[in-house]
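See structure below.
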């Protein structure tokens, strides 16, 4: 642990400011009030709410907040001398970034749930916290209530993590689960998710993988001590997943999930490098992640000494996310009282981030083909020409309905993509109807 500011004056209570009073912020305020005595006992001093910054004073809220605590002047709130800790639950890049930087510059520690900002500009926030001698905590930024970031940053700091694979978006997991369980189409499952409040009216951030990509960047950065941004993460959403893809997975004893995957690979230079990707994939039903249903999240971690670890729970929602926020608040408040700080950024490894083309993956490919002699040999030759080995192949149907389903062994994504493009040009191939990556087995 590093020390805080040498000139800090001792305090006997911790002044707290909350930025945002929406789904998460309102629950943070509620827990600060309802659990005040327990929180004070855990911290060693009372947590005193100094203000709650909102966009509109008259907006309806899930909790009653005293009007004298509400303010539309968020910058003025974080600059107050009696604010020792700022909780940011506004989300997005602006105005969250200047508010967090101002809070740190003014001597407050910061707890945030802002995955988008951390994935885009985390190093700037880390550097500001280090310069200020203050904490920056963000457990709630990934997987809601599930404690995953602190285990990666602290509990596993004596181990070598080799892979992190997770379901980190509840909306997409709900949709894919309905497609698997009931045979629903994508649009039908999405409409149900929106009706139940699991998906926004504009679900783009979820179904196109942007939300999961930001979380994958944070997980990769912590797991592999390397700066990884959202732009480094290969991203594919679930909008192209069909009922046929889900049915094919079922026939293989698998299930389709949107996975965030960060792992150590070997670069062409021979040195270890980081790959980070988000895409739908088939995983065997025997894999622990396959049983994660509805809007739940789970993260599967593999390390050299500890082996395989599974973290599971509600990945979103006001109360679960507020639980993770308050956990960080307790830790940061203790440090504020003691004049210390916790672990900061760890980017010493400074590994290269592999482009997707160099990442090792496996493919499931469904190919509509002419039903005649030599077709299988020709398809196998196409795979061989790109140095891709076939693990399994089966034929389904006859005549006009003939289809080959091929599952490859591991190869680079570039090799596999080139193989698929080759197949599309072959005279015997009527169509490549499905291409999906396969994870969790080899």
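The values are calculated or read from the model by the stated rules, or taken from the named source; none is laboratory data. All values reported here derive from a predicted model rather than from experimental measurement. Virtual Cβ from ideal backbone geometry, glycine too; neighbours counted across all protein chains shown.
Do we have residue 375 as surrounded by 15 or more Cβ atoms within 10 Å (Cβ to Cβ), in contact with a helix residue (DSSP H, G or I) (Cβ under 6 Å, 6 or more places away or on another chain), under 22 Å from residue 244 (Cβ atoms) and at pLDDT below 95 here?
Numbers: surrounded by 15 or more Cβ atoms within 10 Å (Cβ to Cβ): yes; in contact with a helix residue (DSSP H, G or I) (Cβ under 6 Å, 6 or more places away or on another chain): no; under 22 Å from residue 244 (Cβ atoms): yes; at pLDDT below 95: yes.
The answer is no for residue 375.
Could you tell me whether segment 414-423 includes any residue that is surrounded by fewer than 17 Cβ atoms within 10 Å (Cβ to Cβ), at pLDDT 95 or above, part of a loop (DSSP other than H, G, I, E, B) and touching a helix residue (DSSP H, G or I) at 6+ places or on another chain (Cβ under 9 Å)?
no
Residues that are surrounded by fewer than 18 Cβ atoms within 10 Å (Cβ to Cβ), touching a residue at least 24 places away in the same chain (Cβ under 8 Å) and in contact with a helix residue (DSSP H, G or I) (Cβ under 9 Å, 6 or more places away or on another chain): does segment 295-304 have at least one?
No: zero hits.
Is it the case, given these coordinates, that residue 366 is touching a residue at least 12 places away in the same chain (Cβ under 8 Å), farther than 30 Å from residue 230 by Cα and over 35 Å from the mean Cα position of the chain (by Cα)?
When the stated conditions are applied, residue 366 does not pass them.
Could you tell me whether residue 52 is modelled with pLDDT of 95 or more, part of a helix (DSSP H, G or I), touching a strand residue (DSSP E or B) at 6+ places or on another chain (Cβ under 9 Å) and farther than 17 Å from residue 337 by Cβ?
No.
Within segment 35-46, is there a residue that is in the same structural domain as residue 93 (by TED's automatic domain parsing), closer than 22 Å to residue 107 by Cα, in a loop (DSSP other than H, G, I, E, B) and in contact (Cβ under 8 Å) with a residue 40 or more places away in the chain?
Looking for residues that are in the same structural domain as residue 93 (by TED's automatic domain parsing), closer than 22 Å to residue 107 by Cα, in a loop (DSSP other than H, G, I, E, B) and in contact (Cβ under 8 Å) with a residue 40 or more places away in the chain, one finds at least one in segment 35-46, hence yes.
Go through 387, 368, 328 for me and flag whichever is touching a strand residue (DSSP E or B) at 6+ places or on another chain (Cβ under 8 Å), on the phi > 0 side of the Ramachandran plot and not assigned by TED's automatic domain parsing to the domain that holds residue 217.
387
Report yes if some residue within segment 352-360 is surrounded by fewer than 18 Cβ atoms within 10 Å (Cβ to Cβ), in a strand (DSSP E or B) and touching a residue at least 12 places away in the same chain (Cβ under 8 Å); otherwise report no.
Yes; the residues of segment 352-360 include at least one that is surrounded by fewer than 18 Cβ atoms within 10 Å (Cβ to Cβ), in a strand (DSSP E or B) and touching a residue at least 12 places away in the same chain (Cβ under 8 Å).
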